1. Test Asn120 against the criterion of being more than 22 Å from Trp260 (Cα to Cα), crowded, with 20+ Cβ neighbours inside 10 Å and in contact with a helix residue (DSSP H, G or I) (Cβ under 6 Å, 6 or more places away or on another chain), and give yes or no.
2. Need the failing condition index for Val313 against (1) part of a strand (DSSP E or B); (2) more than 29 Å from Phe499 (Cβ to Cβ); (3) in contact (Cβ under 8 Å) with a residue 60 or more places away in the chain, just the number.
3. Exactly one condition in (1) open to solvent by less than 20 Å² (accessible area, probe 1.4 Å); (2) closer than 28 Å to Tyr556 by Cβ; (3) in a helix (DSSP H, G or I) is not met by Arg500; state its number.
4. Could you list all residues from segment 376-418 that are basic (Lys, Arg), surrounded by fewer than 18 Cβ atoms within 10 Å (Cβ to Cβ) and assigned to a helix (DSSP H, G or I)?
5. In segment 158-195, how many are without any contact (Cβ under 8 Å) to a residue 12 or more places away in the chain and either within 30 Å of the chain's Cα centre (by Cα) or not in a helix (DSSP H, G or I) (or both)?
6. For segment 20-78, enumerate the residues that are among the polar types (S, T, N, Q) and open to solvent by 30 Å² or more (accessible area, probe 1.4 Å).
7. Take segment 79-97 and flag every residue that is more than 22 Å from Val11 (Cα to Cα) and open to solvent by 70 Å² or more (accessible area, probe 1.4 Å).
8. Considering only segment 154-199, how many residues are over 26 Å from Leu275 (Cβ atoms), of a type outside the set (Gly, Ala, Ser) and open to solvent by less than 80 Å² (accessible area, probe 1.4 Å)?
Amino acid sequence: DGNPLAGPLLVIGRDSAVAKAACADVDWEALGADGFVMRSAGSQVVLAGAGARGTLNAVYWFLDRQLGVKWLAPGATVVPKAADLRVPVLAERQVPRFRYREILSHEGQQKPHKAHNLLNGDSHGPSFWPTPPEIDCFERDWQNKGGYANFYELVPQKTYAKAHPGWYAGGQLAMMDPELRAEMARVIIDRLKAHPDYTRIFFNIHDMDWGWDMDPASKAFAAQHGNHPSAPRLDLVIDVANRVRQGLPGARFAFNAYHWSFTPPTGMTVPDHVLVFPMTIHVDYSTPLNAGRNAKLGQDIAGWTAIARNVQVWDHITNWSGFYQPTPNIYPICDSLKWLAGQSGVRGYFAEGSWETPAAEFAALRVWVMARLLWDPALDPQQLVAEFCQHYYGTAAGPLVKRYIDLMHAKVAVSKDIISEKFQVDLKMYDLDFITRADALFAEAEAKAAGDASQLAHVREARLPVDYVILVRRAEYAAAAAAAGSPWKPDTEARLERFRATLKAVKATQFYQGGSLKALEELLAVERRPSTPPALVADLPAGDWREIQDLGVNRYDSALITSDPAASDGAAIRMKGSSSTWAVQLKLDKLPEEGQWEIYADVRVEAEAGHAGEPGARVGAAPPMGLFNTETIGVLADGAYHLVKVPGGPHRFSADHAKSLYVQAPAQKHITWVWTDRFICVRAKPVEKK
């Protein structure tokens, strides 16, 4: 009839006459900022949300779920080709389960990519980045510019400690001090007045990222609320919030439940203008947040939802000690999201992933799968992983990569390794069986993907973690294969060439948090030999002592593994003598699960002459803060390693990563290097009862 609107038409948004007629019964307010409807009206289809973000979500959903466009990773988009576009009759309403959805990884924080996958959160560093105006409708009510500060930023010691020394207690603050609270409120008021619209944000009062030895007043208040340090923490936030709201009505606040404050207090409630975000730094990746060794963690999250209506979970999803290392947490993360969806008080989910480097282990897969589950937790994780693998690695290679992912999860279920947010290459699951089977799967996957350069690149990207473990432990695996009569060999030269080329192709920047590619090359250059036992254990039965080599130790700051002929196996951890960081840390889950153990660090130093009587290294245990033994430069600088006892023993196995045994340099420029070869654990004799 000549009417240009009579034929097939996609109608975007709710304001046209077509949309108003087709959607007359829609409760737009109930859709929230993210929900949308898709409605057929004859040959026309309406895609609309209540506002800009909902409508944008409708368009991306239609392209993805209806037309088959898949945004798998930044720079990896599948666009199917068809001669005809056929759309079924649509009468669909979509509202996400989680109001706030963000994955902070190199892939997940790329703004077009996260918008395509319906992730709406924009916090931390990415919130400072410019955003394409056509998609600039992200949620920015939490953890953004002008909206957060930690204790020492709000009341700096340099400014206040002289006049108020009692404000600073045990590594945090004396949280019950009324003068401290009043000053903190005054500072926050000034900050919020400078904000464009303080009512749109939750101002985050963050603690310091370490332990707390409570002051007497805080300890007494905690005793009234289950002996949980979170009680004075919460009371501080409530009081400061109320003080601020007297001058700035409508101000909202947030605080983190973290480490010592993760367990909620008893007999307290969180007001609706305060958001609490539990941070799962102590997670065991091998199981969901509410199961296995995470059972207490799950109970605590549920405990917060019982006393707060606004809970946002800050989860951890990458291995900070090995971005390119097999990490079997994909299915547990999926199960965690399903469980969290059943906790009515959980409004949002923020995942801290591999934001410091591209193409970390299955990072793109995690973003894609998690984004779908954050919208609809009822989806099947197995099907989602299989779908991603098919599109990203190809129909031939994809099933093989999926088999590797399944193998990885099956192995940890048997090995029972603790997969913490920082774990090393010495896991039991990385045995010869796992390595050879994984290596064979990837060799076959590469052959299947050889005809497609993009798919081959993706397969090699997925193979990086297996190559990494093999290269670091190559001497051990070669010996194990020979002893087992296996023909498998590390093939070090070819593997190293492929590994380096793939790292370059994906533009990797770090291989663990703070670990440069230069440090990686030093690690890969190490040629290990069988270690020699120290004299201390020469006469002990094998079951009465354990050796934990450098590969099992967490490294921070300047600490890195490098060759050292003086070390027991030819390699050791080297850190700068000018450092004050606990740069070498042994976690207690490395100890045998039975028995008690006296532990010694095997250390040496290189230093300038003339300082023999001064401290050369500290060997400590925490908590509490400040418990350490010191050995002098004169003892440690003779070119040989010396055992220094860790105080606080005997020590026993613990999965609590808030506990650390450490080696610390004394922060002196006349010390060039502090070296740590290994830790030696000696079974403690049981105390005889009198």
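1. Here the answer is no, as Asn120 does not meet what is asked.
2. Status for Val313: all satisfied but (3).
3. Checking Arg500 against (1) open to solvent by less than 20 Å² (accessible area, probe 1.4 Å); (2) closer than 28 Å to Tyr556 by Cβ; (3) in a helix (DSSP H, G or I), the one that fails is (1).
4. We begin by selecting, within segment 376-418, every residue basic (Lys, Arg); these are 402-403, 411, 416.
Checking which are surrounded by fewer than 18 Cβ atoms within 10 Å (Cβ to Cβ) leaves us with 403, 416.
Listed by number, the list holds a single entry, Arg403.
5. Number satisfying all stated conditions: 4.
6. So in segment 20-78, the residues among the polar types (S, T, N, Q) come out as 40, 43-44, 55, 57, 66, 77.
Ser40, Ser43, Gln66, Thr77 - these are the residues of segment 20-78 that are among the polar types (S, T, N, Q) and open to solvent by 30 Å² or more (accessible area, probe 1.4 Å).
7. Lys81
8. Residues that pass the stated criteria total 3.
The values are calculated or read from the model by the stated rules, or taken from the named source; none is laboratory data. None of the values given here were measured: they were computed from a predicted structure. Heads up, the Cβs are rebuilt from the backbone with ideal geometry, glycines too, and the neighbour counts pull from every protein chain shown. Quick note on the areas: whole protein, heavy atoms, side chains included, nothing else; ligands and nucleic acids left out. Shrake-Rupley method; radii C 1.70, N 1.55, O 1.52, S 1.80 Å.
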